[in-house]
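Please read the structure below before turning to the comments.
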Amino acid sequence: MNRFLIILLFTFAASVANAQIGRPQQGGGMQLRSQSGDELSYLSPKEYVIGGTTVSGIKFLDKDIIVQISKLTTGDRITVPGDATSNALKFLWTQGLFDDVQLSGNVKGDSIFFVITVVERPRLTRMEFTGLKKGQITDIKEKLADKTGKIVNESLMSMTSAVIKKYFNEKGYLFTEVTYNQKKDTAETNNVVLIVNVDKKVKTKVEKISFEGNKDFKDKQLKKFLKKTKEHSSINIFRSGKFLEDKYEEDKRTMIAKMQDKGYRDAEIISDSVIKKANQRVDIQIKLHEGPKYYFGKVTWAGNAIYTTAALNELLAIKKGDEFSEEKLQKRLNGNPNGEDISTLYLNNGYLTFNVDPVQTRVYGDTIDLELRIYEGPQYTVNKISLKGNDITNDKVVMREIRTKPGQKFSKEAVVRTTREIAQLGNFDEAKTDVRPIPNPADGTVDIEYTVAEKPSDQIELSGGFGGGRIIGTLGLTFNNFSARNLFNLKEWKPLPKGDGQKLSVRGQTNGKSYQSYSFSFSEPWLGGKKPVYFGISAFTSLSSNDDVAKYYSYTDDQKYRIRLNGVTFSLGKRLKWPDDYFNLNHSINLQQYKLTNYPGFLFSSGTAYNFNLTEELSRNSVDAPIYPTSGSHIRLTIQLTPPYSLFNNINYSTATDRDKYRFTEYHKWKFEAQWYQRIVGKLVVKTQGQFGFLGQYNSATGQSAFERFKLGGDGMQGFDYLQGSEVIAMRGYENNNVTPIGYDPNIARNSGSPIFSKYIVETRYPLMTGQQATVFVLAFAEGGNSWNKFADFNPFNVRRSAGVGARIFLPIFGLLGIDWGYGFDNVYDTSTNMLKKSGGQFHFSIAQQLSGGF
């Protein structure tokens, strides 16, 4: 009976060892013999000293490690047969490294010598994927790159499946299935290629969201708190109901924060379940604990000496009986975006080490009393300002924008304004601008260190287009950090002298002999270097004619046409201090010449006209960033005036020739533009904009000016529209210059423009990428606008409407590139049929356009 039990126990131990591998054993076992060659009996175990253990069959693994795993260590005294030999097999099998393990031993005297013979499992050469797109394969291979060369076993495949399923779970595929096949690698003797078959199924959608434990909060209200996890709706196309695990986790935190913000400070999620269903959808069940609703009780202050309790209470704006909200309390103490909080009050007055600690002194019933314990600390004065990271831009260009000056009290507001002004320079990456106050408690001063990161700011415009039946080439160069003082210092040419914050721009556009246009501009934002006085000069010339065609077809003089425009502008501007220092006042003197020969579409076809005008522009720009603003506004009022020649030139305009009537252009021109930016939620920003333009006359006898009119519609780019005597105003959803007054000749309106226009925009923007290399955002818009020929016809609510979507990418070297698709809902003239028809869908492309989209 005892012999039978020993055999049975050993057989069970061996079977356990085999089971650990998770796959059939291929002939593994033990063979133990005495010195005479007789097999050792399990019924008569004896004690031996291990004389040595060797390993055979190994190609890749370390033999010494195999011996260590087996625990058959030379010099150990063991009983054979016994636990040591059976455990040796079990330990080796459980590693998952072998397809077969054999243990044999020879006895010599009182010593036994073991030989471990193994067949290694194959190693992984590579993985090949089926059922996936190229980009998905690339992403997954990066995550599994460390698996190459590993043993192919159940553990490897399990880990691989986990990585793949996690990857697709994050993208909303909760029912992903992974299976495997293997094929021999012909190049390696003991390697295999693992074929990974992935069936990600369809994106998981939420069938139903249910709540348990909520009393005061209705299910509908709680579902609204889950902003990014919604029930699928086949009716509402904007509510797809896709389930994304990371968004769900974020939504749960948001929901609890919203509940706590309503006064339920004890609100928490007890448990939640995501239940998979057979139709590849999920149900979400959330069990809540609401707790009672709390209210603010008595609020007292401690430690305040600088400001009175009444002043602090007024700024705190929390009264007894208000819903208790930790979020509201913290915003009023430390983090109001508008700067109307207790912390900012102190920090703007130099109290750099200020701190406030809200302590709940009493909780009774549904009321919480608070004591706000203040540490005011010393008042700090700015000592030293240092600047780091400006490798190209000269120190003075940045330092003159810094609002924190030595000797002044430390001010958080001044620091925030400084970071904005540095960003407005356009030479640095806003995301990498850093401010580090370094307090010196011993003397009550603070050093402030500003760190910036240069980014490419120069731009190139190189494009080709088609217009007037010809190919048009454009080359434009803009240097946004130019240095005129080093123009003759060849050592500073890299490739042009840089670092002084000046702007130099040159641009040329031509299609050969029939059209040429060239422009130049230079600006200095700090004329003289001591005050923010802006100086600018610009000039342009453009020519359009049919000389080449006329020569080919032998046109007569009456069939030839030509128009040349020349102009030069001098500008001088100043940053104002009243009403605040966001205001700027700019003065410009402009002189333009128009020379026409048989040119159609104007109020006159031949002659020379001059436009000498003075322009006054008052603007206020408080947007927080130049490329992707999220807050602030940009408002601009422009008045452009020419001398009233008709009042003193003694010309009878009713009988005057076109040459005399239009020789000196006279008008008064008014333009107004306002833009507002507001962050709605997260990174989503709403831009609203209104524009208005009016071209008036001093004398009704002269009629409206032939120049300086407005052309509304299209992408807003000048393009082949060489008529620089008109302003091109973008309006998506309509063809270029095609929003013309109803009831007037559309061809004249398209060529010369209209004297009155208005336009309104509501646009939502969302950034896909913001950084030094590029800024990319998508947008959706609704626009309304129109143009009129007489002020009597003007109606700001009678507009042509459009809506659509688009995208913008800002590359430092090219500027702003854009594409929009807009749908125009209202009628315009079809130039091919001269009939009214609905504008319909239009694509618009833009390059190097103004970021603000303004005048």
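The values are calculated or read from the model by the stated rules, or taken from the named source; none is laboratory data. Treat the numbers as computed from the prediction; the structure is a model and nothing was measured. Positions of Cβ are generated from backbone atoms using ideal geometry, with glycine treated the same way; all protein chains shown enter the neighbour counts.
In the stretch 98-128, the residue that is surrounded by the most Cβ atoms within 10 Å (Cβ to Cβ) out of those that are outside any strand (DSSP E or B) and in contact (Cβ under 8 Å) with a residue 40 or more places away in the chain is P122.
Identify, by number, the condition in (1) closer than 24 Å to T186 by Cα; (2) surrounded by fewer than 16 Cβ atoms within 10 Å (Cβ to Cβ) that E142 doesn't meet. The one condition E142 does not meet is (1).
Listed here are the residues, each with its yes/no results for (1) at pLDDT 85 or above; (2) more than 25 Å from Q593 (Cβ to Cβ); (3) touching a Cys at 6+ places or on another chain (Cβ under 6 Å).
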{"position": "T688", "(1), (2), (3)": "yes, yes, no"}
{"position": "N699", "(1), (2), (3)": "yes, no, no"}
{"position": "S705", "(1), (2), (3)": "yes, no, no"}
{"position": "G716", "(1), (2), (3)": "no, yes, no"}
{"position": "G725", "(1), (2), (3)": "no, no, no"}
{"position": "G753", "(1), (2), (3)": "yes, no, no"}
{"position": "V776", "(1), (2), (3)": "yes, yes, no"}
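Filter the stretch 162-183 down to residues that are assigned to a strand (DSSP E or B) and charged (D, E, K, R), then give me how many there are. Residues meeting the conditions: 2. On the stretch given as the stretch 474-523, residues that are in contact with a Phe, Trp or Tyr (Cβ under 9 Å, 6 or more places away or on another chain), surrounded by 15 or more Cβ atoms within 10 Å (Cβ to Cβ) and aliphatic (A, V, I, L, M) total 2.
Residue-wise test of (1) buried (at least 17 other Cβ atoms within 10 Å of the Cβ); (2) part of a strand (DSSP E or B).
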site	(1), (2)
L614	no, yes
E617	yes, yes
V623	yes, no
Y628	yes, no
H634	yes, yes
T655	no, no
A674	no, yes
Y677	yes, yes
I680	no, yes
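The rows are residues; the columns are (1) closer than 28 Å to E673 by Cα; (2) not assigned by TED's automatic domain parsing to the domain that holds L811.
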site	(1), (2)
F520	yes, yes
E524	yes, yes
V533	yes, yes
Y555	no, yes
D558	no, yes
G573	yes, yes
N584	yes, yes
A625	yes, no
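Among the strands (runs of 3 or more DSSP E) confined to the stretch 1-97, the ones with at least 3 residues that are modelled with pLDDT of 75 or more are located at 46-56, 77-80.
Quick one: in the stretch 831-850, of everything that is of a type in the set (A, V, I, L, M) and surrounded by fewer than 16 Cβ atoms within 10 Å (Cβ to Cβ), which residue is modelled with the highest pLDDT? Checking each candidate, the answer is L836. Criterion first (outside the structural domain of Y351 (by TED's automatic domain parsing), without any contact (Cβ under 8 Å) to a residue 40 or more places away in the chain, in a loop (DSSP other than H, G, I, E, B) and over 18 Å from Y346 (Cα atoms)) does P456 satisfy it? No: the conditions fail for P456.
Taking the conditions exactly as written (at pLDDT below 85 and either touching a strand residue (DSSP E or B) at 6+ places or on another chain (Cβ under 9 Å) or surrounded by 15 or more Cβ atoms within 10 Å (Cβ to Cβ) (or both)), does G131 satisfy them or not?
On the way: at pLDDT below 85: no; either touching a strand residue (DSSP E or B) at 6+ places or on another chain (Cβ under 9 Å) or surrounded by 15 or more Cβ atoms within 10 Å (Cβ to Cβ) (or both): yes.
In short, no.
You will find that of A305, A317, the residue that is on the phi > 0 side of the Ramachandran plot and at pLDDT below 95 is A317 and no other.
Taking the stretch 206-256 on its own, how many of its residues are free of Cβ contacts under 8 Å to residues at least 24 places away in the same chain and farther than 22 Å from K165 by Cα?
Qualifying residue count, the stretch 206-256: 15.
Residue by residue, here is whether (1) out of contact with any Leu (no Cβ under 6 Å at 6 or more places or on another chain); (2) of a type in the set (D, E) holds:
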{"site": "N736", "(1), (2)": "yes, no"}
{"site": "N747", "(1), (2)": "yes, no"}
{"site": "P755", "(1), (2)": "no, no"}
{"site": "T770", "(1), (2)": "yes, no"}
{"site": "E783", "(1), (2)": "yes, yes"}
{"site": "D793", "(1), (2)": "yes, yes"}
{"site": "F797", "(1), (2)": "yes, no"}
{"site": "N834", "(1), (2)": "yes, no"}
{"site": "G840", "(1), (2)": "yes, no"}
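Got a sec? Which of F648, F664 is without any contact (Cβ under 8 Å) to a residue 24 or more places away in the chain and of a type in the set (F, W, Y)? Residue meeting the stated conditions: F648.
Restricting to the stretch 619-671, what's the tally of residues that are within 53 Å of the chain's Cα centre (by Cα), over 30 Å from L684 (Cα atoms) and not β-branched (V, I, T)? Qualifying residue count, the stretch 619-671: 13. Considered as a group, the residues in the stretch 479-497 that are assigned to a loop (DSSP other than H, G, I, E, B) and not hydrophobic (A, V, I, L, M, F, W, C) include one that is nearest to Q459 (Cα to Cα), and that residue is P495.
From E207, E188, E231, which residue is in a loop (DSSP other than H, G, I, E, B) and surrounded by 13 or more Cβ atoms within 10 Å (Cβ to Cβ)?
Answer to the selection: E231.
Being out of contact with any Lys or Arg (no Cβ under 9 Å at 6 or more places or on another chain), within 13 Å of P755 (Cβ to Cβ) and crowded, with 16+ Cβ neighbours inside 10 Å is true of Y667.
Residue under question is V398, and the condition is that it be farther than 24 Å from E524 by Cα and out of contact with any His (no Cβ under 9 Å at 6 or more places or on another chain); does it hold? Taking the combined requirement at face value, the residue does not satisfy it.
Which one is modelled with the lowest pLDDT, of the residues in the stretch 802-813 that are touching a strand residue (DSSP E or B) at 6+ places or on another chain (Cβ under 6 Å) and surrounded by fewer than 18 Cβ atoms within 10 Å (Cβ to Cβ)? In this case the residue turns out to be I813.
The one condition from (1) at pLDDT 90 or above; (2) within 30 Å of D322 (Cα to Cα); (3) touching an Asp or Glu at 6+ places or on another chain (Cβ under 7 Å) that I270 does not meet is (3). Taken over the stretch 657-715, the residue count meeting the criterion of being farther than 18 Å from N590 by Cβ and among the charged types (D, E, K, R) is 10.
Yes/no matrix, rows are residues, columns are (1) in a loop (DSSP other than H, G, I, E, B); (2) surrounded by fewer than 19 Cβ atoms within 10 Å (Cβ to Cβ); (3) hydroxyl-bearing (S, T, Y):
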residue: E708; (1), (2), (3): yes, no, no
residue: G716; (1), (2), (3): yes, no, no
residue: E735; (1), (2), (3): yes, no, no
residue: N738; (1), (2), (3): yes, no, no
residue: R750; (1), (2), (3): no, no, no
residue: T764; (1), (2), (3): no, yes, yes
residue: P767; (1), (2), (3): no, yes, no
residue: V778; (1), (2), (3): no, yes, no
residue: F781; (1), (2), (3): no, no, no
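Please tell me if G263 is in contact (Cβ under 8 Å) with a residue 40 or more places away in the chain, small (G, A, S) and assigned by TED's automatic domain parsing to the domain that holds D219.
yes
For the stretch 331-349, the count of residues that are among the hydroxyl-bearing types (S, T, Y), crowded, with 18+ Cβ neighbours inside 10 Å and over 30 Å from K252 (Cβ atoms) is nonzero.
Residue selection: I374 fails the criterion of being free of Cβ contacts under 8 Å to residues at least 40 places away in the same chain, surrounded by 20 or more Cβ atoms within 10 Å (Cβ to Cβ) and in contact with a Phe, Trp or Tyr (Cβ under 8 Å, 6 or more places away or on another chain).
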